[in-house]
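Before any comments, here is the structure.
Bear in mind that the values in this text are calculations on the coordinates, not laboratory data. Since this is a predicted model, take the numbers as computed values, not measurements. Here the Cβ positions follow ideal geometry from the backbone for every residue, glycine too, while neighbour counts run over all protein chains shown.
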Amino acid sequence: MTLPELDRILSGQFLTDEPPVSAAVTGAYACDMLSHVMAHAGPGDVWLTILNSINVVAVAELTGCACVVLTEGVAMEPAVLERARERQVTVLSTPLTTFQAAGRLAQLLPERG
């Protein structure tokens with residue numbers, strides 16, 4: 001799956017620059033505890049969260065997540081979005097709940113073992 005496809009599936013809107021068409025998504029992880037995300041999310045994952053602080057950008061960069069998906073229509077402050085752009089962290093917002101977004105992705109992405 002690509003990030004533009006993810007956008008359509010989650011009825012989302014990119015808050016940062018739209019990613020290249022080839023940007024790939026290989027998994028997903030849903031969690032709002034930053035230390036847990038650092039330990040379990042990885043490159044190519046979509047991270048589903050309602051958190052929207054500067055620390056989200058740092059953790060996304062550290063783990064190599066393909067995209068941060070802010071669920072429930074959550075937005076980010078302009079300064080945080082600017083940091084995400086600087087760090088090349090893609091951020092998408094969706095009106096779906098975390099449960100709804102995870103359910104859609106679970107049907108389309110392989111389960112991790």
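One way to sum up the overall shape of the chain is the equivalent ellipsoid from its Cα gyration tensor, whose semi-axes run 18, 15, 14 Å, largest first.
Considering the zone a paramagnetic label at Asp32 would reach in this model (a point 7 Å from Cα along the Cα-to-Cβ line), which residues of region 83-107 have amide N under 13 Å from it? Flagged as within label range: 97-99. Counting neighbouring beta carbons within 10 Å and listing from fewest to most, the residues Arg87, Arg8, Arg104 come out as Arg8, Arg87, Arg104. Remark on Thr2: its backbone amide H falls under 5 Å from those of Val25, a criterion applied only to residues 5 or more positions apart or on other chains, H modelled at 1.01 Å from N. Shown is the FRET efficiency for Glu82 and Leu108, computed with R0 = 22 Å from the Cβ-Cβ distance and rounded to the nearest 0.05: 0.10.
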